[in-house]
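To start, the structure itself, in structure tokens.
The values are calculated or read from the model by the stated rules, or taken from the named source; none is laboratory data. Predicted, not measured: the structure shown is a model, and the values here were computed from it. For neighbour counting, all protein chains shown are included, and Cβ atoms are generated from backbone atoms with ideal geometry for every residue, glycine included.
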Amino acid sequence: MKFTKMQGAGNDYVYINGFEEQIADPETLAQQLSNRNFGIGSDGLILILPSQIGDVRMRMFNADGSESEMCGNGIRCVAKFAYDHGLVKKLEIGVETGNGVLPLTMFTGQSGLVERVRVNMGEPKLTRGQLPMSGGAEDQAVSIPLDVAGQKLELTCVSMGNPHAVIYVDDVASFPVAEVGGVIEKHSWFPRRINVEFVQVVSPTEVIQRTWERGAGETLACGTGASAVTVAGVLTNRTERKIINHLRGGDLELEWLENGPVMMTGPAVEVFSGHFDPK
């Protein structure tokens, strides 16, 4: 089976072209391929498939085999693969995801290959029922106190098609992300688990983010998380609607438009391709 390894701001996935390959058990395959010692090594598996409602469809599986609705860094790489490998012929496409069809605009370099992609991430969902999260279904979760792992924290929760809890800290570099993130991911408030963003505000237009992704652990970047951070910054009066987000794997440009959607622009890189024997 052919595969392509790609990354967006260091958030790396194994991609399989479902127009050519048949995948019988993607959950097990994701665990096998994502293993960084015995597999290819990645944050998960993304399948690029035909779509009845978009130009292509993506399915995204975490390293533990669980399926997620969307991946902001992953969808940029889906667009790049689709264009660079001839699945689409245009630079503006719609990709079907578990969060609906999202519009993307691609930007090519001198080589003619896609280097950067802008994604309309859609409108954030702000109620507990939409996350989902325990409590009143129509209530928002903004600056909700939580004591966990010896830390007194405040969570602002936002769904970008998948759920995120945003936590602001003074020094994100030294914060115990794995210890705290792993507990919050599986907290009883979140019946489908949750992704956790730890954020340090540099200025009203600049933040630094570390991410604990459900089913994957800490990753170098998270595009839906960065989008959620943009929204949380406005909801808590910490940042403006347009920001630069510095993630461990690179920078993303984000803007929460007045009319609703979050726009995200960032890199998409093909690392290498090869063949493997699924067992």
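Quick look at the numbers
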item	result
One residue from A178, A165 being under 30 Å from R59 (Cβ atoms), in a helix (DSSP H, G or I), in contact with an Asp or Glu (Cβ under 9 Å, 6 or more places away or on another chain) and aliphatic (A, V, I, L, M)	A178
Failed condition for I184, given (1) in contact (Cβ under 8 Å) with a residue 60 or more places away in the chain; (2) in a helix (DSSP H, G or I); (3) not acidic (D, E)	(1)
Filter result (more than 15 Å from V202 (Cα to Cα), touching an Asp or Glu at 6+ places or on another chain (Cβ under 6 Å) and of a type in the set (V, I, T)) within region 214-249	T219
Selection status of L235, touching a Cys at 6+ places or on another chain (Cβ under 8 Å), over 19 Å from T105 (Cα atoms) and surrounded by 15 or more Cβ atoms within 10 Å (Cβ to Cβ)	no
Strands (runs of 3 or more DSSP E) within region 204-279 that include 1 or more residues farther than 25 Å from R192 by Cα, in contact with a His (Cβ under 9 Å, 6 or more places away or on another chain) and assigned by TED's automatic domain parsing to the domain that holds I194	206-213, 250-256
Output for region 133-160, where each listed residue is assigned to a loop (DSSP other than H, G, I, E, B) and within 26 Å of P103 (Cβ to Cβ)	M160
Hits in region 223-262 - residues which are of a type in the set (D, E) and without any contact (Cβ under 8 Å) to a residue 60 or more places away in the chain	E240, E253, E255, E258
Candidate set from region 15-35 (those that are modelled with pLDDT of 95 or more and either among the β-branched types (V, I, T) or not assigned by TED's automatic domain parsing to the domain that holds E67 (or both)); member that is surrounded by the most Cβ atoms within 10 Å (Cβ to Cβ)	I16
Unmet requirement for A178, which otherwise passes all of (1) hydrophobic (A, V, I, L, M, F, W, C); (2) in contact (Cβ under 8 Å) with a residue 40 or more places away in the chain; (3) surrounded by 15 or more Cβ atoms within 10 Å (Cβ to Cβ)	(3)
Listing of strands (runs of 3 or more DSSP E) fully contained in region 21-124 that carry 3 or more residues being without any contact (Cβ under 8 Å) to a residue 60 or more places away in the chain and under 20 Å from the mean Cα position of the chain (by Cα)	44-49, 56-62, 92-97, 100-108
Check on A79, at pLDDT 95 or above and either outside the structural domain of I16 (by TED's automatic domain parsing) or surrounded by fewer than 17 Cβ atoms within 10 Å (Cβ to Cβ) (or both)	no
